[in-house]
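A quick write-up on the structure given underneath.
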Amino acid sequence: MTLITDVRLRRILDSRGNPTVEADVVTESGGFGRAAAPSGASTGEYEAVERPPGEAIAAAREHAVPRLVGEAYAGNQRDVDAILHAADGTDDFSEIGANSAVAISMAAAKAGADVLGAPLFQHLGGTFRGDNFPVPLGNVVGGGEHAADATDIQEFLAAPVGAPSVEDAVFANAAVHAAVADLLEERDLPCGKGDEGAWAPSIDDSEAFELVAEAVSMVQDEVGFNIGFGLDVAGAELYDSDSGTYEYSDRSRDTDEQIAYIAELVEEYDLVYVEDPLDEDDYDAFADLTDEVGDQTLICGDDLFVTNTDRLVEGIDRGAANSILIKPNQIGTLTDAFDAIELATENGYDSVVSHRSGETEDTTIAHLAVATDAPFIKTGAVGGERTAKLNELIRIADDAT
Ligand SMILES: C=C(OP(=O)(O)O)C(=O)O
Ligand SMILES: [Mg+2]
């Protein structure tokens, strides 16, 4: 029933107005799945390769589609993804493009779910999934590669860790986003938004800390449950490998100073989450910081691990970080993303399923998070391509997918 009978690929727009790859997968019994690849701006050096969409589509049509149509079953995700790897023939999807690969992989999963008549999370995770929901990390102020003339730190995140339901958590993050807007207006700091919908004021990081701490505390008082504060430092973007220093607008920090700075921030703001505080090549510095504050907060590897089990194994061996960001397009298939989550869970690392700064209306990551019992999801706070995922989580909780 799930034999794949057609795979169609096209270019569509992402949230930045750039082209990206969308895939449709059709099965023998009429099952249908559609998915689109997201795209990063602060990409890790070791990510699978995203090719220009036109080239990725042409290469996938030539190498992957003939191996799938009439040959593979959408219900057998591991087989579909193994075929994508074999069709590509490289170890980083540089032939068919990780963008074509991930779009086909996710569309096949949706076609498999469609044939079963089951929600995607259930097809992926089994019938006992759907009772636990990830805490959504919501980007409320941001800069770095996601907005010009804004903060050095890429993302200031609300983390409603005490929310009684995913719906309460999603609304709390939107309320923090709105509270930040009020505080910015009071301070006469009008501003636009960055790529992920976070406010992008022209302020320094210390003012952003103050603002977000105040907004979080205001909303926490209103809603009556604990809202934490988190960061994505995107350290690799700040790091200058020639000088060995982290370059902030107002000063430089060497690696020891960067570790001390982050540890101070964890103490001062009671941070519950710190992503990529250090450069993507510096496992030792990650290990030192994890040793220092890993019992108080999550130290998450995004560019460090790039959803890659080989890199995660190295991190586990060296005690670097205690959490991993999971972005399916960093590695190219759902199977690889699943394997990274399983390895993380077995080794006590918390998984944070994540959007990219360039997104579409695709909701696969909401289902992936529920299917794997991931404790966190990072998918923005507002904006249509972000709320697509957040609203899907609410629907899953309401049994309405
Ligand atoms: C979502 C992120 O940004 P990008 O998609 O630009 O890598 C991130 O760095 O976590
Ligand atoms: Mg990141």
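The values are calculated or read from the model by the stated rules, or taken from the named source; none is laboratory data. Values in this document were obtained by computation on a predicted structure and should not be read as measured data. Cβ placement follows ideal geometry from the backbone for every residue including glycine, while neighbour counts extend to all protein chains displayed.
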Within region 351-369, track down each residue that is within 16 Å of ligand 2 (Cβ to nearest atom) and not in a helix (DSSP H, G or I). Ser351, Val352, Val353, Ser354, His355, Arg356, Ser357, Gly358, Glu359
State which residue is farthest from the chain's Cα centre (by Cα) when the search covers only region 176-194 and only residues that are more than 16 Å from Asn391 (Cβ to Cβ) and buried (at least 23 other Cβ atoms within 10 Å of the Cβ). Val180
Given the criteria outside the structural domain of Val21 (by TED's automatic domain parsing), more than 16 Å from ligand 1 (Cβ to nearest atom), under 22 Å from Cys300 (Cα atoms) and buried (at least 23 other Cβ atoms within 10 Å of the Cβ), does Val170 qualify? yes
Leading residue by the ranking (nearest to Ala198 (Cα to Cα)) among those in region 40-54 that are buried (at least 24 other Cβ atoms within 10 Å of the Cβ) and within 16 Å of ligand 1 (Cβ to nearest atom): Glu50
Could you please find all residues in region 203-231 being touching a Pro at 6+ places or on another chain (Cβ under 9 Å) and within 16 Å of ligand 1 (Cβ to nearest atom)? Leu231
Please go through (1) of a type in the set (A, V, I, L, M); (2) touching a Gly at 6+ places or on another chain (Cβ under 8 Å); (3) within 30 Å of Leu211 (Cβ to Cβ) for Leu183 and return the number of the only condition it doesn't satisfy. (2)
Those helices (runs of 4 or more DSSP H) lying entirely in region 73-168 with at least 3 residues among the small types (Gly, Ala, Ser): 77-88, 98-116
Identify, please: which residue in region 151-167 is touching a helix residue (DSSP H, G or I) at 6+ places or on another chain (Cβ under 8 Å) and either buried (at least 24 other Cβ atoms within 10 Å of the Cβ) or β-branched (Val, Ile, Thr) (or both) and is, among those, farthest from Asp398 (Cα to Cα)? Thr151
Can you pull out every residue in region 19-50 that is under 19 Å from Ala108 (Cα atoms), part of a strand (DSSP E or B) and either among the β-branched types (Val, Ile, Thr) or under 17 Å from the mean Cα position of the chain (by Cα) (or both)? Thr20, Val21, Val25, Val26, Thr27, Ala35, Ala36
Kindly provide the set of residues from region 187-237 that are outside any strand (DSSP E or B) and of a type in the set (Phe, Trp, Tyr), ordered by number. Phe209, Phe225
Close pairs from region 372-383: first polar (S, T, N, Q), partner part of a loop (DSSP other than H, G, I, E, B) and within 12 Å of ligand 1 (Cβ to nearest atom), Cβ under 8 Å, at least 6 apart: Thr379/His355
Can you give me the ranges of the helices (runs of 4 or more DSSP H) entirely in region 281-336 with at least 2 residues that are assigned by TED's automatic domain parsing to the domain that holds Val352, more than 15 Å from ligand 2 (Cβ to nearest atom) and surrounded by fewer than 24 Cβ atoms within 10 Å (Cβ to Cβ)? 283-293, 309-318
